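Reviewing the structure listed below.
The values are calculated or read from the model by the stated rules, or taken from the named source; none is laboratory data. Because the structure is a prediction, the values reported are computed rather than measured. Cβ placement follows ideal geometry from the backbone for every residue including glycine, while neighbour counts extend to all protein chains displayed.
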Amino acid sequence: MSVTAPNVFDARPSGRVSAFLRRLRSGDEIAYVVTLTCALTILAITALLVFELYANSGQARHKFGWSFLTTSTWDPVVEQFGALPFIYGTVVTSALALLLGIPLGVGAAIFLAELAPTRISNALTFLIELLAAVPSVIFGLLGIFILVPALISLEPAIRAVLGWTPLFSGPFYGVSMLSAGVVLSVMIVPFIISISREVILAVPTEQREGALALGATKWETTWDVVIPFARKGIMGSIFLALARSLGETMAVTMVIGNEPKIHQSLFAPGYSIAAIIANEFAEAPGELYRGALIELGLVLFGLTIVINGLARMLVVSTTKKGAS
Amino acid sequence: MTRRIFIVSAALAAALTMGVASAQQVLINAGGATFPYPMYSKWFDEYHKKFSNIAINYASIGSGGGIAQVTAGTVDFGASDGPMTDMQLKDFQDKRGSAILHFPTVLGAVVPTYNIPGVTGSLNFTAEALAGIFLGKITKWDDPELTKANPGIKLPSNNIVVVHRSDGSGTTYVWVDYLSKISKEWETKVGKATSVNWPVGLGGKGNEGVSGSVQQTANSVGYVELIYAVQNKMTYGKVKNVAGEFVQASLASVTAAAAGMKDMPEDFRVSITNAPGKGVYPISSFTWLLIPSKIADPAKKKAIKDFLTWMLADGQKMTEALSYAQLPKAVVAKEVKTIDKIQ
C-alpha cells in the first residue's frame with residue numbers, strides 16, 4: 001500500500017500543497033507533529049516543575065539566600081534552615097552506591113551478554129529486571145531488618161581491614177551512610193545490568209569477528225573491542241542509575257539514620273535531601289518551613305544537573321583520549 | 001423466560017433504589033492525622049453501614065495536611081494530633097469567615113521503649129531521666145538518675161543510644177511537649193514541634209523505623225505510640241507522674257490523664273501531658289477533629305452533627321477493641337453541648 005501510494009501522486013502536477021499532502025498521507029508529517037508534541041510535553045513538564053519549585057520556595061530563598069547551601073542547622077522550631085548536611089549525605093551515599101554498583105553491574109552485564117549461554121542469560125536477565133520492579137520501601141525494610149544486622153556482624157572485619165582510614169572510624173549503630181550506600185547499590189544494579197547488557201549485545205558481530213581474526217583471545221575481544229564500542233551506552237545506564245540513587249527516598253531514609261550532621265565516617269548516620277523532604281513535608285506547618293523543604297527539591301534538581309554535567313564532561317574527555 | 005423477567009425486574013429494582021439513594025446521598029470529605037486513622041476508618045465504616053446514604057471519606061495525610069486542607073476548604077473537616085495554634089485559627093477565620101471547633105475523639109499515649117542486653121523487665125523512668133537522656137546529658141545506663149529509680153535491676157555501664165522519629169509526627173509532638181513541660185532546658189534549647197532539632201540520636205522513619213532501630217541497637221532507647229507498642233508486644237517503661245508514682249501506660253491510665261484535667265477549656269485546645277492526679281500516665285494526648293463552625297450545605301451540616309453525636313455515644317464503645325483510650329465522661333458531656341455551636 002505505502003509503496004504504491006506515492007506513484008499515484010507522482011502522476012499529478014507537483015506543488016507544495018500536494019507534496020505536503022503526500023507526506024501527510026505517508027505518515028511523515030503526522031509522525032513529526034506527534035513526536036514533537038511528545039518531546040515538547042516533556043520539556044514543558046520539566047519547566048513547570050522547576051518553576052513551581054522556584055516560585056513556592058520564594059520565602060525561604062529570600063530569607064536565607066545562598067547561606068541555605070552552606071549552613072548546617074536544621075531547626076524547625078526556630079525556623080532556621082541550612083541544606084549542607086543533606087547535600088553531603090546525598091552525594092556521599094550516591095557515590096558509594098556507584099562505587100559498589102558499577103563494577104558489579106557492568107561485570108554481570110559482560111557475563112550475561114558475552115560469556116553466558118543464551119538460555120541462562122535470558123532467564124537471569126528476566127530475574128534481574130524483576131528486581132527493578134520491587135518497590136523501594138521493600139528494599140528499605142530488607143535493609144533495616146536484614147542488611148543492617150548483617151553489617152553490624154561484619155563491622156569488626158571491616159574495621160580490621162579499613163579501620164585506619166577516617167572513613168571507617170567512630171561508633172557504628174548499623175543505620176549509617178554505609179548502609180544507605182549498600183542498599184542503593186543493590187537498587188541501581190538492575191538498571192546498569194539490564195541496559196548495559198542490551199548495549200553490549202547490540203555491538204555488531206563483525207567487531208568481534210575482526211578482533212578474533214587478528215588473534216585476540218575471547219577476553220581481549222570483549223575488553224578491548226566490545227566494551228569500548230558499547231561505552232556510551234554503558235555510561236548511559238550509569239547516569240540512569242545515578243539519577244535513581246540521588247532521588248531515592250524510602251529505602252534511604254529507613255537505613256541512613258536521619259541525623260542532619262556532617263560526619264566524615266561512613267559508619268556515622270547522615271541524611272539525604274529526598275529523605276528529609278519525605279519525612280517532614282506532610283507535617284510541615286508554616287510557609288517558611290514548607291518553602292525550605294521545597295527549596296531542597298530545587299537544590300536536588302540543581303545537584304542532579306551539576307553531577308550529570310560533570311560526569312558527561314568526564315566521558316567526553318576519556319572518549320577523546322581513547323578515540324581511535 | 002421467567003428467569004429473564006426476574007433478572008430484568010431485579011436490575012430495575014436495583015436501579016430504582018440506587019436512584020432514590022443517590023437523591024439524598026451525602027458525601028463528606030475529611031483528612032488529617034494518621035495516628036487515629038484506624039479508629040476513624042472503623043467509625044466511618046460502621047456509620048456508613050448504619051446510614052448507607054452518608055459516606056465519609058478520610059485521607060490520612062498527616063495533621064499538618066489536615067489543618068492546611070481544612071483552611072483551604074478542600075475538605076469538609078480536618079483532623080489533627082495537635083490543636084491548631086491561635087495564628088492558624090486566625091488564618092482560618094480570615095479565609096473562611098468562621099471559626100474552627102476542636103472535638104477530642106480518642107486519646108493516645110507515647111511510651112519509652114528500650115533494648116538493654118540483660119534487662120527484660122519494665123524500667124522506671126523519672127522525668128529528669130528522660131529529659132537528661134534525650135538532651136544528651138545522661139549518657140550511660142548506670143547513671144544514678146536511672147539506678148536510683150530502678151532498685152534491684154542491674155543496669156550496664158554502656159553508652160545510651162537515643163532513637164527518635166525522623167518524620168514529622170504527632171507522636172514526636174506529644175513526646176517533646178512533655179519534655180518541654182518537665183525540663184526548662186529542653187523548652188529553651190529544643191522546644192516543641194512535630195519535628196525538632198534533636199540534640200542527640202538517630203532518626204527512624206515511623207513507629208516501625210524507631211522500633212526496628214531500637215531492637216537492633218544494643219543499649220538504645222526510643223519512643224513509640226502506645227498502640228504500636230501494645231500490638232507488637234514490645235516492652236516499654238513506666239514513667240513517673242506528678243503524684244510521684246511510676247505508671248505504666250494503659251487505656252485506663254491514659255483516660256485518667258484526661259479526667260485529671262479539672263479546668264478543661266471551652267475549645268478543648270489543651271495539652272494533657274504531665275497532667276496531675278493519681279494513676280495518671282503523664283505522656284498522653286487527645287487527638288481532635290477540626291470542624292468548621294459554619295457549614296453552608298444543610299445536608300452536610302446535619303450529617304456531620306449526627307455523626308459527632310453518634311461518635312460520642314456508640315462510637316466511644318468501639319475504641320478499646322482497637323487499643324485507643326476512650327474519652328472521660330465529663331469531656332463527652334461537654335462536647336455534646338459544643339455540637340450545637342455548629343451552624
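Only residues that are surrounded by fewer than 24 Cβ atoms within 10 Å (Cβ to Cβ) and either among the β-branched types (Val, Ile, Thr) or more than 10 Å from every other protein chain (Cβ to nearest Cβ) (or both) were counted in segment A:243-259, giving 5. Among A:Ser169, A:Ser196, which is modelled with pLDDT under 90 and more than 14 Å from every other protein chain (Cβ to nearest Cβ)? Being modelled with pLDDT under 90 and more than 14 Å from every other protein chain (Cβ to nearest Cβ) holds for just one of A:Ser169, A:Ser196, which is A:Ser169. Within segment A:217-235, take every residue that is touching a Ser or Thr at 6+ places or on another chain (Cβ under 9 Å) and free of Cβ contacts under 8 Å to residues at least 60 places away in the same chain and give me the one that is farthest from A:Leu310 (Cα to Cα). The selected residue is A:Ala230. Taken as a whole, the condition of being crowded, with 19+ Cβ neighbours inside 10 Å and of a type in the set (Val, Ile, Thr) does not apply to B:Ile339. Here is the figure for segment B:27-58: residues that are touching a strand residue (DSSP E or B) at 6+ places or on another chain (Cβ under 7 Å) and either farther than 22 Å from B:Ala193 by Cα or in a strand (DSSP E or B) (or both) total 18. When B:Gly118 is tested against (1) over 28 Å from the mean Cα position of the chain (by Cα); (2) under 23 Å from B:Ala303 (Cα atoms), just one condition goes unmet, and that condition is (2).
Taken together, the criteria place B:Gly222 among residues that are more than 9 Å from chain A (Cβ to nearest Cβ) and in contact with a strand residue (DSSP E or B) (Cβ under 6 Å, 6 or more places away or on another chain).
Could you please find all residues in segment A:112-138 being crowded, with 16+ Cβ neighbours inside 10 Å and closer than 13 Å to A:Arg197 by Cβ? Listed by number, the residues that qualify are A:Leu112, A:Ala113, A:Glu114, A:Ala116, A:Ser121, A:Leu124, A:Thr125, A:Ile128. Among the candidates B:Asn219, B:Asn207, the residue that is within 30 Å of A:His263 (Cβ to Cβ) and at pLDDT 90 or above is uniquely B:Asn219.
Answer yes or no as to whether B:Thr235 is surrounded by 22 or more Cβ atoms within 10 Å (Cβ to Cβ) and either more than 16 Å from A:Ile144 (Cβ to Cβ) or modelled with pLDDT of 90 or more (or both). For B:Thr235, the condition - surrounded by 22 or more Cβ atoms within 10 Å (Cβ to Cβ) and either more than 16 Å from A:Ile144 (Cβ to Cβ) or modelled with pLDDT of 90 or more (or both) - is not met.
Filtering B:Trp198, B:Trp175 for residues that are at the interface with another protein chain (Cβ under 9 Å from one of its Cβ atoms) and aromatic (Phe, Trp, Tyr) leaves a single hit, B:Trp198.
Within segment A:277-286, being part of a helix (DSSP H, G or I) and either small (Gly, Ala, Ser) or at the interface with chain B (Cβ under 8 Å from one of its Cβ atoms) (or both) holds for A:Ala278, A:Asn279, A:Glu280. Identify, please: which residue in segment B:160-172 is outside any strand (DSSP E or B) and not hydroxyl-bearing (Ser, Thr, Tyr) and is, among those, farthest from the other protein chains (Cβ to nearest Cβ)? So the residue we want is B:Ile160. Out of all the residues in segment B:154-169, which are out of contact with any Pro (no Cβ under 9 Å at 6 or more places or on another chain) and either free of Cβ contacts under 8 Å to residues at least 24 places away in the same chain or buried (at least 17 other Cβ atoms within 10 Å of the Cβ) (or both)? Correct list: B:Leu155, B:Ser157, B:Ile160, B:Val163, B:His164, B:Arg165, B:Ser166, B:Asp167, B:Ser169. Among residues of segment B:311-343 being touching a Lys or Arg at 6+ places or on another chain (Cβ under 8 Å) and not polar (S, T, N, Q), the one that is nearest to B:Pro38 (Cα to Cα) is B:Leu322.
For B:Ser253, the test of being polar (S, T, N, Q), in contact with a Ser or Thr (Cβ under 9 Å, 6 or more places away or on another chain) and more than 29 Å from B:Phe92 (Cα to Cα) is passed.
Looking only at residues in segment B:59-105 that are part of a loop (DSSP other than H, G, I, E, B) and among the hydroxyl-bearing types (Ser, Thr, Tyr), the one that is farthest from the other protein chains (Cβ to nearest Cβ) is B:Ser98. Inside segment B:1-29, can you point out the residues that are modelled with pLDDT of 85 or more and touching a helix residue (DSSP H, G or I) at 6+ places or on another chain (Cβ under 8 Å)? Hits for segment B:1-29 are B:Val26, B:Ile28.
Answer with yes or no whether A:Leu266 is part of a loop (DSSP other than H, G, I, E, B), more than 12 Å from chain B (Cβ to nearest Cβ) and within 24 Å of the chain's Cα centre (by Cα). Yes; evaluated as a whole, the condition is true for this residue. Listed by position, the helices (runs of 4 or more DSSP H) inside segment A:47-166 whose residues that are within 26 Å of B:Lys205 (Cα to Cα), away from every other protein chain (no Cβ under 14 Å) and out of contact with any strand residue (DSSP E or B) (no Cβ under 6 Å at 6 or more places or on another chain) number at least 2 are A:67-70, A:84-110, A:118-132. The set of residues from segment B:129-140 being buried (at least 18 other Cβ atoms within 10 Å of the Cβ) and closer than 17 Å to B:Lys189 by Cβ comprises B:Leu130, B:Ala131, B:Gly132, B:Ile133, B:Phe134, B:Leu135, B:Ile138.
Table: residues versus (1) under 28 Å from B:His164 (Cβ atoms); (2) surrounded by 14 or more Cβ atoms within 10 Å (Cβ to Cβ); (3) without any contact (Cβ under 8 Å) to a residue 24 or more places away in the chain; (4) hydrophobic (A, V, I, L, M, F, W, C).
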| position | (1), (2), (3), (4) |
| --- | --- |
| A:Leu100 | no, yes, no, yes |
| A:Gly140 | yes, yes, no, no |
| A:Gly143 | yes, yes, no, no |
| A:Ala160 | no, no, yes, yes |
| A:Phe168 | yes, yes, no, yes |
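Among the residues of segment A:62-81, which ones are more than 18 Å from A:Glu283 (Cα to Cα) and surrounded by fewer than 17 Cβ atoms within 10 Å (Cβ to Cβ)? A:His62, A:Lys63, A:Gly65, A:Trp66, A:Ser67, A:Leu69, A:Thr70, A:Thr71, A:Ser72, A:Thr73 - these are the residues of segment A:62-81 that are more than 18 Å from A:Glu283 (Cα to Cα) and surrounded by fewer than 17 Cβ atoms within 10 Å (Cβ to Cβ).
Identify, from the list B:Val196, B:Val200, the residue that is assigned to a loop (DSSP other than H, G, I, E, B), crowded, with 17+ Cβ neighbours inside 10 Å and at pLDDT 90 or above. Being assigned to a loop (DSSP other than H, G, I, E, B), crowded, with 17+ Cβ neighbours inside 10 Å and at pLDDT 90 or above holds for just one of B:Val196, B:Val200, which is B:Val196.
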